[in-house]
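Student: Supplied in structure tokens, the structure appears directly below.
The values are calculated or read from the model by the stated rules, or taken from the named source; none is laboratory data. Predicted, not measured: the structure shown is a model, and the values here were computed from it. Every residue, glycine as well, gets a Cβ built from its backbone with ideal geometry; the counts of neighbours run over all protein chains shown. Side chains included, ligands, DNA and RNA excluded: accessible areas come from the protein's heavy atoms. Shrake-Rupley method; radii C 1.70, N 1.55, O 1.52, S 1.80 Å.
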Amino acid sequence: MYVCLEGIDGSGKSTHTAMIEKWLKKCGIQVFRIFEPTDSKVGRLIREMLQDPGATDENFQRTLALLFAADRTILMEKIAQAESEGRVVVSDRCFYSSMVYQDGPEWIGEINKFARKPDVTLLLDLDPETAMTRCKGSDSFEDLKFLSRTRTRYLELAEKEGFFIVNADNGINKVHDDIKHVLAPKLGMCI
Ligand SMILES: Nc1ncnc2c1ncn2[C@@H]1O[C@H](COP(=O)(O)OP(=O)(O)OP(=O)(O)O)[C@@H](O)[C@H]1O
Ligand SMILES: [Mg+2]
């Protein structure tokens, strides 16, 4: 099974993918925890490019979108391998992040045609103001506007794609419990 956590920056994806891994391991389930961009050569290049302060023009964004799709294509083989070994794949972001962050859904869909959709996607939904207080280093109005736009896009996609929406504006343990309630039945587990 391939599980993905999505959500705006600061919504708790890293926190909760780690907690899911810990919980499943404790229950004797093997886990393959991943994140996007990955630590492949392409993923490292993406991270480097994202540091570029001038990384806003259209052609740069297009290039990034292509690199994200390439990084994800490499990842698909690793996911298939992990699943064939009976591991549960828990991912911090997936193909849906490209749908939300990059413009042009048709083109983005096409270049990501080798990327499998997760079996279960949870959207950690959080208001942008709270997300900003959780993210270090972002406090401008532009950042807030961007987070708001991204959240709206996530909520639209959630409706279309049937994501499980988790209220991330609760304490960490409550959010984890809510995530467990979604995942446990899918994995044939009791909580
Ligand atoms: N439910 C919560 N309540 C309070 N603080 C939280 C909660 N969830 C996460 N945090 C804290 O908020 C910060 C951001 O969380 P985290 O790094 O997991 O978010 P993220 O979605 O991975 O962000 P990014 O997309 O920037 O990587 C961390 O310091 C984390 O400890
Ligand atoms: Mg993170």
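Student: In this model, which of K113/K180; K13/K136; K25/K186 are farther than 21 Å apart at the alpha-carbon? Write down the numbers at each step before the final one.
Tutor: Values: K113/K180 30 Å; K13/K136 15 Å; K25/K186 16 Å.
Beyond 21 Å: K113/K180.
Student: Could you give the nm distance between label points at S140 and R153, where each point is 7 Å from its Cα heading toward the beta carbon?
Tutor: The modelled label-to-label distance comes out at 1.8 nm.
Student: Still on this model: For the range 27-82, report the accessible area per residue in Å² (1.4 Å probe, heavy atoms, rounded to an integer).
Tutor: Numbers: 3310 Å² over 56 residues.
That works out to 59 Å² per residue.
Student: I need the helices of the chain that pass two filters: whole DSSP H segments spanning 27 Å or more by Cα along the axis, and mean Kyte-Doolittle score no lower than 0.0. Walk me through the numbers before you get to the answer.
Tutor: Numbers: long enough: 58-84 (39 Å, 0.04); 141-161 (30 Å, -0.94).
Those that clear 27 Å and a mean of 0.0 are 58-84.
Student: Quick check: at a probe of 1.4 Å, how many percent of the accessible area of the chain sits on carbon and sulfur atoms? List each step's numbers first, then the result.
Tutor: Numbers: 5400 of 10260 Å².
Taking all protein chains in place, the chain shows 53 percent carbon and sulfur surface.
Student: Which residues' amide hydrogens lie under 5 Å from the amide hydrogen of F35, considering only partners 5 or more residues apart or on another chain, with H built in the peptide plane?
Tutor: D92
Student: Moving on to the next point. Which value, in Å², gives the accessible area per residue of the range 93-143 when a 1.4 Å probe is used on the protein heavy atoms?
Tutor: Values: 2740 Å² over 51 residues.
Using a 1.4 Å probe on heavy atoms only, each residue of the range 93-143 averages 54 Å².
Student: Sticking with this one: Note down the net charge around K113, summing +1 for each Lys or Arg and -1 for each Asp or Glu among other residues with Cβ under 12 Å from its Cβ. Can you show the working numbers first?
Tutor: On the way: positive: R72, R116, K117; negative: E106, E110.
After counting each charged neighbour, the total is +1.
Student: Find the relative contact order for the range 1-140 and round it to a whole percent, using C-alpha pairs within less than 8 Å whose residues are 6+ positions apart.
Tutor: Details: 184 pairs, mean separation 62.6, N = 140.
Relative contact order here is 45 percent.
Student: Additional query: Rounded to whole Å, give me the distance from the Cα center of the range 112-178 to that of the range 1-65.
Tutor: Distance between centres, Cα-based: 13 Å.
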